[in-house]
Amino acid sequence: MQKFIVEGGSRLRGELPLQGSKNSALPIMAATLLCHGECVLENCPRLTDIYSASRILNCLGCRCTFSDNTAAVDSLSVDRTAVPEELMREMRSSIIFMGAILGRAGECTVSVPGGCELGPRPIDMHIAALRKMGIEIHETCGGILCRASSGRARGAKLSLAFPSVGATENIILCAVTADGETVINNAAREPEICDLCSFLRACGAEISGDGESRIIINGKEKLHGCRYRIMSDRIVGATYLAMTAATRGEIILTNACVPEMEPFLSVFEQTGCSIYTGENKIYMRCGTRLKAIPDRIRTMPHPGFPTDAQAVLMAALITAEGTSVFEENIFDCRYRHTDALVKMGADIQVLGKVAIIRGVPKLHGANVEATDLRGGAAMVSAALAAEGASEIRQICHIDRGYEKMEEAVSRLGGKMLRIG
Ligand code: EPZ
């Protein structure tokens, strides 16, 4: 199994181009199933989750190929509607292929993607919404058999109990070719939803209201292919900003999606970092010890503070002056990284969904194991700020969302190696 060896003590300094967004590329790759033709996706990140999605597409009869950061998907001859369980289990977000296959063929067989490191990942809202769209759904032991009773999904007026990103995506993917109009109330407002809708409009879909709580979709018979540039990854951007802050360095992030990163730029400014932004560029400098954040940091659906940035911000604040308090409101167990940070010398107390971070003057290296994608990134960040060397195992979690993290960190002057 591969691992990272990190030598702490270097301040990160330099310029880094931001990779394409994993959480935008995945639903867009699923959406290519709806297009009768070829789609060319630029700025597509090279990640293990992206390769899992390409295996699902190829299994359904598409032809998905990569050239550097460009993916080409030819969906002219989609001839299957079932995704094998082993492919569904490779990643949690495989469930959004359900809506896309239904939107293409009116039927699909998938399996429950299962829980993950963040706790149980139910899909009750996905299922309830699709049933309202005329989809008959039978859940057998682990398998989910879906079929539009009239051969094609029908538009419906839907209200989500919670603005679920995945449920909103699944509904959109099924509704763009459904018969009639679909209205989604309390829809997720994340930027990745807007990127998916922009892609679908480029393929001929009729969608409005994305980015707000009410999205309206007028179903079309067929969609065509297109060439599309995927947005940058705001969470990866937050990660490298947090690593820079943790090591009191300075960074210029290029190819950045500045407006979408506002929720955490303001948070980093509260820690005392200086931030200047320009046309898709972010400059941040952190010369002195960070200040703790006075107000409770509550993770909320967009436009609130994103849950995906919680762990990496925490890693920057464990050596800040003062006490910071986090409240994780999206996932049941998204503090699994705290044990590793404590092992490096952090002072963290977890009480249910609240984590209290008392800043310590310094950290020391340790041997730790990545628990999940963003928790693993937080461990790398803490290791970069620590005195001495750290070993981080189970880095397959990190590779799911970060393109060659060791190369990005080394480019910024950090000492980090991939071993094995
Ligand atoms: C997406 O996951 C992202 N993944 C996650 O990013 C992100 O943390 C999450 O949205 C929240 O922003 C991708 O886009 C691939 P949800 P998703 O449905 O769609 C509960 C990362 O680090 N829920 O908005 O699974 C659910 O259990 C990943 O890149 C139900 O109860 O998130 C969770 O507690 C991690 N029933 C909450 O809602 C449902 O039917 C939010 O889930 C659906 C969700």
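The values are calculated or read from the model by the stated rules, or taken from the named source; none is laboratory data. The structure displayed is predicted, hence computed values, not measured ones. FYI the Cβ positions are ideal-geometry reconstructions off the backbone, even for glycines, and counts take in every protein chain you see. Please note that ligands, DNA and RNA were not included when accessible areas were found on the heavy atoms of the full protein model with its side chains. Shrake-Rupley method; radii C 1.70, N 1.55, O 1.52, S 1.80 Å.
Filtering region 69-112 to residues that are modelled with pLDDT of 95 or more, farther than 24 Å from C197 by Cα and among the charged types (D, E, K, R) leaves only R80. Residue count for region 13-23 under the criterion of being within 16 Å of the ligand (Cβ to nearest atom) and either touching a strand residue (DSSP E or B) at 6+ places or on another chain (Cβ under 9 Å) or open to solvent by 30 Å² or more (accessible area, probe 1.4 Å) (or both): the result is 5. Restricted to region 142-195, and to residues there that are closer than 12 Å to N218 by Cα and of a type in the set (D, E, K, R), the residue that is nearest to the ligand (Cβ to nearest atom) is K157. From the list A346, A385, the lone residue that is away from the ligand (no atom under 16 Å from the Cβ) and over 21 Å from R13 (Cα atoms) is A346. Quick one: is S324 outside any helix (DSSP H, G or I) and either within 16 Å of the ligand (Cβ to nearest atom) or crowded, with 16+ Cβ neighbours inside 10 Å (or both)? Criteria met by S324.
Yes/no matrix, rows are residues, columns are (1) part of a loop (DSSP other than H, G, I, E, B); (2) surrounded by fewer than 24 Cβ atoms within 10 Å (Cβ to Cβ); (3) not acidic (D, E):
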{"site": "T32", "(1), (2), (3)": "no, no, yes"}
{"site": "L41", "(1), (2), (3)": "no, no, yes"}
{"site": "C44", "(1), (2), (3)": "yes, no, yes"}
{"site": "S52", "(1), (2), (3)": "no, yes, yes"}
{"site": "I56", "(1), (2), (3)": "no, no, yes"}
{"site": "C64", "(1), (2), (3)": "no, yes, yes"}
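Within region 176-187, the residues that satisfy the criterion of being under 23 Å from the mean Cα position of the chain (by Cα) and surrounded by fewer than 24 Cβ atoms within 10 Å (Cβ to Cβ) are N185, N186.
Condition check for I357 on (1) more than 26 Å from D49 (Cα to Cα); (2) within 16 Å of the ligand (Cβ to nearest atom): one failure, at (2). Within region 71-98, residues that are over 14 Å from P113 (Cα atoms) and away from the ligand (no atom under 14 Å from the Cβ) reach partners that are of a type in the set (D, E, K, R) and not in a strand (DSSP E or B) with beta carbons closer than 9 Å, at six or more positions or on different chains, in the pairs S75/R104; V78/R104; T81/R104. Taking region 221-247 on its own, how many of its residues are of a type in the set (K, R), outside any helix (DSSP H, G or I) and crowded, with 19+ Cβ neighbours inside 10 Å? Residues meeting the conditions: 0. Residues in region 37-58 that are within 19 Å of N255 (Cα to Cα) and of a type in the set (D, E, K, R): E42, R46. Filtering region 328-360 to residues that are assigned to a strand (DSSP E or B) and open to solvent by less than 20 Å² (accessible area, probe 1.4 Å) leaves A355, I357.
I need a count of the residues in region 174-200 that are assigned to a strand (DSSP E or B) and closer than 15 Å to R214 by Cα. Number satisfying all stated conditions: 5. Only one of the listed residues (L118, L200) is touching a residue at least 60 places away in the same chain (Cβ under 8 Å) and away from the ligand (no atom under 15 Å from the Cβ). That residue is L200. When each of M416, M379 is tested for being touching a helix residue (DSSP H, G or I) at 6+ places or on another chain (Cβ under 9 Å) and away from the ligand (no atom under 16 Å from the Cβ), the lone residue that passes is M416.
One residue stands out among those in region 82-115 that are small (G, A, S) and part of a loop (DSSP other than H, G, I, E, B): the one that is nearest to C141 (Cα to Cα), which is G114. Do the conditions hold for R131, that is, is it more than 11 Å from the ligand (Cβ to nearest atom) and surrounded by fewer than 15 Cβ atoms within 10 Å (Cβ to Cβ)? When the stated conditions are applied, R131 passes them.
Note on region 361-420: residues that are open to solvent by 20 Å² or more (accessible area, probe 1.4 Å), under 29 Å from G287 (Cβ atoms) and of a type in the set (A, V, I, L, M) amount to 3. Taken over region 366-387, the criterion of being touching a Leu at 6+ places or on another chain (Cβ under 8 Å) and under 22 Å from F331 (Cα atoms) is satisfied by D372, A378, M379.
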